[in-house]
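Below is one structure, written out as structure tokens, with a few remarks after it.
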Amino acid sequence: MSALAELVARAPRNLFFTGKGGVGKTSVACATAVALAARGRAVLLVSTDPASNLSEVLATALGSTPRPIAAVPGLAALDIDPVQAAAAYRERMVGPYRGVLPDAAVRSIEEQLSGACTVEIAAFDQFAALLGDAATTRAFAHVVFDTAPTGHTLRLLELPAAWSGFLAANVGGTSCLGPLAGLAAQADLYQRARAALADPDQTAVVLVTRPERAALTEAERTRGELGELGLARLELVVNGRFRATDRDDPIALELERRGEAALAAVPAGLRALARTELPLVPFGLIGVDALRALAGDPAATAATAATAATAAPSERPALPTLAELVPGLASDGRGVIMTMGKGGVGKTSVAIAIARALAQAGHAVHLTTTDPAGHAATALGAEVAGIRVSRIDPAAETAAYSAEVMATAGAGLDDAGRALLAEDLRSPCTEEIAVFRAFARLVDEGDHGVVVIDTAPTGHTLLLLDAAETYHRDVLRTAGHAPEEVRRLLPRLRDPAFTRIVLVTLPEATPVHEAAALARDLARADIRPWAWVVNQSLTPLTVRDPVLVRRRAAEARFLDEVAALAPRLALVPWSSRSAE
């Protein structure tokens, strides 16, 4: 029996796959869903990631309703699209009032429902239905959730309790989501979703990690936080364990040594969990054959091996290094540099390398992160002269924002009005607004020095940027005015002389294609990447181990794809010192 088969055999009805960006959550979730379907089970695979790549992995265009996967009988999949979910949610809330209330009142409700809060609650509403409404998933024996990277997922999983508590305490009848009458009707659903999450007979959360120090540290932190949320059944998948087959290949030996050292130091909490180990494979995990091969299907393994690239990479001119790129990023000693890309591609390590180089050049640098699971300070290590390090703390920002609103918008209200405003601020949406304002302040600092921002993985960052105008309206409504840094935010992000976007990717299909999609989304907002960085590439190195030779050869086509898209390009070779 393969390692994944044992996990499949004990799978409950609901399976969540979570972990640090880039650890292979989507691959493992998809392979598990395919293996469950191979056992004759009806399976629904759901992505909660705003930057989902299920469509590419399964080679099927997906939408917000279950769509059968032709190559896998019994499997259907869907993406929870926050924007589509918000549109449907608005209509469900507003529709009953059309023709009943005056047009002005209906318009007022529509305006209340135009904010970023609505996007969050609408996506959560759909998620809660999949967990708490039996009718929604009656046709399926299993529901497998492929989630966004850890920070976003923790917030998703804590929302059943947060919204249940907010609805129970709110007696005012209005909120940033508009009238609560419709939302309160969902309270029972949220409570059922919360109960399903906490029931080990119904739900397991699988922490996916690489055999790497940073990924294991984040998995341990997530294990603790999930326990505090009452999620009792947790498992661990170590994805990509590598054992060198050519003992004369120093790169292979170093890769093996690094993995063994990380696993030898697995925290006790993780060590106690049921554990599945999957090997580092020499092929990209795109398509059903590759997923079946990851699950241990012998026929699929043979088919994948036969079609994998085996030729040596073609000769190509040496690409620029990151050190060659850095001087052009902040030659005047001011402005904002943002590293963006899929989770796990090395945004943090690239941001740190840029900050170090600029500090060594004599610039004052503020290195910070918008990632809820950010660890820039830890990754930087010892204090570096010329670099100030910070992170956006959602709890601290929320407390400060709430106090500010009560002191300004709440100052002229009577007791009943202040009570109503306080209820509104206890909504989970308040955190999103507070984090957005902190982001605007960081960008504003670029007037006086260099700010290097290590952003959250793509989906979270897109929501942050897309929300700029809607948050602006929220701020106007709740605080009566918008801070100057919020008013200036979008023009600054669009100014290539002030903000320089560095897209970071790995030389693999999903990271490259997700970065390309991000570039298109940014272009629609009139924001253009300044450069691309291909991180952790084997191409500049000499390797002999068969697995690494095939992975190196497979990089060539993705380097060509990036070269065709990037205005500037730098290549960072694989290093055992990779921090992210």
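What the table below lists for this structure:
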quantity: Contacts under 6 angstrom Cβ, first residue in the range 389-415 being within 21 Å of Leu367 (Cβ to Cβ), partner in a helix (DSSP H, G or I) and modelled with pLDDT of 85 or more, 6 or more apart; calculated: Ile392/Ala438; Glu397/Ala438
quantity: Single condition Ala87 does not satisfy, out of (1) small (Gly, Ala, Ser); (2) modelled with pLDDT of 90 or more; (3) more than 25 Å from Ala215 (Cβ to Cβ); calculated: (2)
quantity: Test: residue in the range 546-559 that is open to solvent by less than 20 Å² (accessible area, probe 1.4 Å) and either of a type outside the set (A, V, I, L, M, F, W, C) or assigned to a strand (DSSP E or B) (or both); calculated: yes
quantity: Selection from the range 386-421 of residues that are among the hydrophobic types (A, V, I, L, M, F, W, C), open to solvent by 30 Å² or more (accessible area, probe 1.4 Å) and more than 23 Å from Arg441 (Cα to Cα); calculated: Ala411, Leu413, Ala416, Ala419, Leu420
quantity: Criterion: within 19 Å of the chain's Cα centre (by Cα), of a type in the set (A, V, I, L, M, F, W, C), closer than 20 Å to Gly296 by Cα and assigned to a strand (DSSP E or B) - qualifying residue of Leu78, Leu45; calculated: Leu45
quantity: Residue list for the range 502-518, filter: surrounded by 20 or more Cβ atoms within 10 Å (Cβ to Cβ), of a type in the set (A, V, I, L, M) and over 16 Å from Leu329 (Cβ atoms); calculated: Leu506, Val512, Ala515, Leu518
quantity: Options Arg210, Arg223, Arg192; residue that is more than 23 Å from the chain's Cα centre (by Cα) and of a type in the set (Lys, Arg); calculated: Arg192
quantity: Selected residue (criterion: nearest to Val143 (Cα to Cα)) from residues of the range 39-49 that are open to solvent by 10 Å² or more (accessible area, probe 1.4 Å) and touching a residue at least 40 places away in the same chain (Cβ under 8 Å); calculated: Ala42
quantity: Among residues of the range 22-36, those that are open to solvent by 10 Å² or more (accessible area, probe 1.4 Å), in contact with a strand residue (DSSP E or B) (Cβ under 8 Å, 6 or more places away or on another chain) and part of a helix (DSSP H, G or I), counted; calculated: 3
quantity: Filter result for Thr499 (surrounded by fewer than 21 Cβ atoms within 10 Å (Cβ to Cβ), at pLDDT 85 or above and either among the basic types (Lys, Arg) or farther than 24 Å from Ala215 by Cα (or both)); calculated: no
quantity: Whichever residue in the range 49-75 is under 22 Å from the mean Cα position of the chain (by Cα) and among the hydrophobic types (A, V, I, L, M, F, W, C) and, among such residues, is modelled with the lowest pLDDT; calculated: Ala51
quantity: Hits in the range 522-545 - residues which are open to solvent by 50 Å² or more (accessible area, probe 1.4 Å) and under 30 Å from Ile337 (Cα atoms); calculated: Arg524, Asp526, Arg528, Pro540
quantity: Residue within the range 262-282 that is in contact with a Ser or Thr (Cβ under 6 Å, 6 or more places away or on another chain) and either buried (at least 19 other Cβ atoms within 10 Å of the Cβ) or closer than 14 Å to Glu212 by Cα (or both) present; calculated: no
quantity: Residue among Glu225, Glu220 that is at pLDDT 85 or above, open to solvent by 20 Å² or more (accessible area, probe 1.4 Å), closer than 24 Å to Glu260 by Cβ and touching a helix residue (DSSP H, G or I) at 6+ places or on another chain (Cβ under 6 Å); calculated: Glu220
quantity: Selected residue (only one of Thr430, Thr398 is in a helix (DSSP H, G or I) and closer than 27 Å to Gly449 by Cβ); calculated: Thr398
quantity: Top-ranked residue in the range 317-372 [being basic (Lys, Arg) and assigned to a loop (DSSP other than H, G, I, E, B); ranked as nearest to Pro540 (Cα to Cα)]; calculated: Lys342
quantity: Tally, over the range 266-308, of residues that are of a type in the set (A, V, I, L, M, F, W, C), closer than 22 Å to Val549 by Cα and part of a loop (DSSP other than H, G, I, E, B); calculated: 6
quantity: Members of the range 192-221 found to be touching a Lys or Arg at 6+ places or on another chain (Cβ under 6 Å) and part of a loop (DSSP other than H, G, I, E, B), listed by number; calculated: Pro200, Gln202, Pro211
quantity: Subset of the range 341-366 (residues that are open to solvent by 20 Å² or more (accessible area, probe 1.4 Å) and of a type in the set (A, V, I, L, M)); calculated: Ala353, Ala357, Ala361, Ala364
quantity: Where a residue in the range 487-510 is closer than 24 Å to Ala563 by Cα and its partner, wherever it lies, is among the β-branched types (Val, Ile, Thr) and open to solvent by 30 Å² or more (accessible area, probe 1.4 Å), with Cβ under 6 Å and at least six apart; calculated: Ala509/Ile286
quantity: Residue ID - farthest from Leu493 (Cα to Cα), chosen from residues in the range 506-527 that are outside any helix (DSSP H, G or I) and touching a strand residue (DSSP E or B) at 6+ places or on another chain (Cβ under 7 Å); calculated: Pro507
quantity: Pair list, Cβ < 8 Å and 6+ apart or interchain, from the range 10-21 residues that are crowded, with 24+ Cβ neighbours inside 10 Å to residues that are of a type in the set (A, V, I, L, M) and assigned to a loop (DSSP other than H, G, I, E, B); calculated: Lys20/Ala373; Gly21/Val345
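The values are calculated or read from the model by the stated rules, or taken from the named source; none is laboratory data. Not measured: the values here are computed from a predicted model. Backbone-built Cβ (ideal geometry, glycine too); neighbour counts: all protein chains shown. Only protein heavy atoms, including side chains, enter the accessible area calculation; ligands, DNA and RNA are left aside. Shrake-Rupley method; radii C 1.70, N 1.55, O 1.52, S 1.80 Å.
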